[in-house]
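> To start, I am sharing the structure in question, which I have written as structure tokens.
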Amino acid sequence: MRSGHRLGRRFGWLWAAYGTSALGTWLAFGAFPLIALRVLHAGPAEVAALSAVGTAVGAAVAVPLGPWVEFRRKRPVLIAMDLVRCAALLTIPAAFVLGALTFLQLLLVSVVVAAADIIFRAASGAYLKTLLPAGDLLVANARFESTAWSTTIVGPPLGGAAIGLLGPVVTVVADAVSYLLSALGIRATAGPESPPEHRRAARMRAGDLLDGWRYILADATLRPLFFNTAAFNGLVMAAEPLLAVLMLGRLHFAPWQYGLAFAAPSIGGLLGSRLARPLATRFGQHRVLVAAGALRALWPLGLAFLGPGTGGLLLVMGVELGLIFCCGVFNPVYATYRLERTAPDRVTRALTAWQVTTRASTALLTALWGVLGSLLGPRTAIALAGVLLLATPLLLPRRAPAPAGETPGRSAHLNSGV
């Protein structure tokens, strides 16, 4: 364990900033739909639109920002995105106090937050790659993953209690403050940052917007991983609303049971993220990536056999535990694998394209599965998603890649000025 895996003060501040904002996000989990329902008396269609439209439009807004951010220093961008999210969220309690809160404002804030979140994630990947040597990226990503699952366990129960006592608007304030604290943490990482490569053309061209997608699709390793991520995330998330309908509606589970079914298994993600590096060290990143990626696809089909009572609750918790454990192993290895395969001057554009595609496919598949759930019933639609997920391992990279820069044809692509 080289140097006790100490990644330095600057990473420590970045890690603290990540944990703070992640906790704030989970504290406010479900706050927007609750505000729409309880404060604005919105209907089901409006609540659904709040999630789907906010995500889709936010992804569209982020598309031109990726190429722009690529040629900017990443630390100021990260601070700016945190402050944008903080300011946007604070408009909600301000309007609420003044009695001027509207559904349109909620929708606009969700768009701004979604776009800023995509850019933040893309820029943070590029910043992390400049902050640490390649050998430490897996350690860093495993720590981020562990923190993510820890806040998933703690945040929703605390947020639910706060909503019950003080209302959903208070958790939005907490989320906004978490972004402010995150910005301060990132500011504390002050240190040298390599200047980005200068753009060749003075102005951005329309074709520049597709740079991230071109880069990913031209890489024989990134391309299958890209499609695997979009398909897996989209299908898993598409089944979530139908599972809620099945559990809370037809099977009459109590809300606390529904929450417990997803909160408790998050411990599996914490355990998986702790094992990711030892497994990758022993078996190699590629083997762990493929094995964990294949195993995570096996679990969701079990949700189609959900029944009532304690047995049904234990089934959901068991399936989610297995799924989340495999994701806990997969995610940090996948994040490291992706960063290592992406040239430093393409990271932001590639990660923006990745985030935009994943979120757009999730929104599209969620809407499609909502229609299928209405036509076929929630259980059948959940089963269909589970069956299709069994095919997603076919999209994982089959061979360990050559070191970045040694793939045939790659140098020509990098020098083509895409």
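The values are calculated or read from the model by the stated rules, or taken from the named source; none is laboratory data. Remember, it's a predicted structure, so these values are computed and weren't measured experimentally. Counting neighbours? That spans all protein chains shown, and the Cβs are built from the backbone with ideal geometry, glycine included. Each accessible area value is taken on the protein alone, full model and side chains, heavy atoms only, with ligands, DNA and RNA left out. Shrake-Rupley method; radii C 1.70, N 1.55, O 1.52, S 1.80 Å.
> Determine, from the Cβ-Cβ distance of LEU166 and THR310 and an R0 of 30 Å, the FRET efficiency 1/(1 + (r/R0)^6), rounded to the nearest 0.05.
After rounding to 0.05, the efficiency reads 0.35.
> What label, among (i) 153; (ii) 144; (iii) 135, belongs to volume of the Cα convex hull per residue in Å³ computed from the structure on display?
(ii)
> Next up: If I ignore ligands, DNA and RNA and count only protein heavy atoms, how much of VAL84 is accessible to a 1.4 Å probe, in Å² to the nearest 10?
Answer for VAL84: close to 60 Å² accessible.
> Then there is this: Using helices alone, I'd like the mean residue ellipticity at 222 nm for the chain: each DSSP H run of four-plus residues gives -39500 (n - 2.57), total over residue count, nearest 500.
It comes out at -24500 deg cm²/dmol, rounded to the nearest 500.
> Here's a follow-up. Between LEU217 and ARG72, how many nm apart are label points set 7 Å from Cα along the C-beta direction?
Modelled inter-label distance: 2.7 nm.
> Oh, and also: Rank THR281, THR55, THR366 by mean-square fluctuation in a GNM of the chain with C-alpha springs under 10 angstrom and give only the top-ranked residue.
The residue with the greatest mean-square fluctuation here is THR281.
> Relative contact order (percent) for the chain, with alpha-carbon contacts under 8 angstrom and 6 or more residues of separation?
26
> Can I ask one more? May I ask which residue of ILE92, TYR18, THR342 lies farthest towards the positive end of the charge dipole of the chain, with charges of +1 (Lys, Arg) and -1 (Asp, Glu) on Cβ and the Cα centre as origin?
Value computed over the given set: THR342.
> Same structure, new question: How much net charge surrounds GLU145 when only the other residues with a Cβ under 13 Å from the Cβ of GLU145 are counted, with Lys and Arg +1 and Asp and Glu -1?
In short, +3.
> Using 17 Å as the cut-off for backbone N distance, which residues of the stretch 131-160 belong to the label zone defined by a point 7 Å from the Cα of ALA254 along Cα→Cβ?
Backbone N within reach: 157, 160.
> If I stretch the segment between VAL53 and VAL387 completely, what's the gain in nm (0.36 nm per residue apart, minus their alpha carbon distance), one decimal?
117.5 nm
> Excluding ligands, DNA and RNA, what is the solvent-accessible area per residue of the chain at a probe of 1.4 Å, expressed in Å²?
That works out to 45 Å² per residue.
> Amide H neighbours of ALA42 under 5 Å, counting only residues 5+ apart in sequence or on other chains, H built in-plane at 1.01 Å?
Placed amide hydrogens put LEU37 under 5 Å from ALA42.
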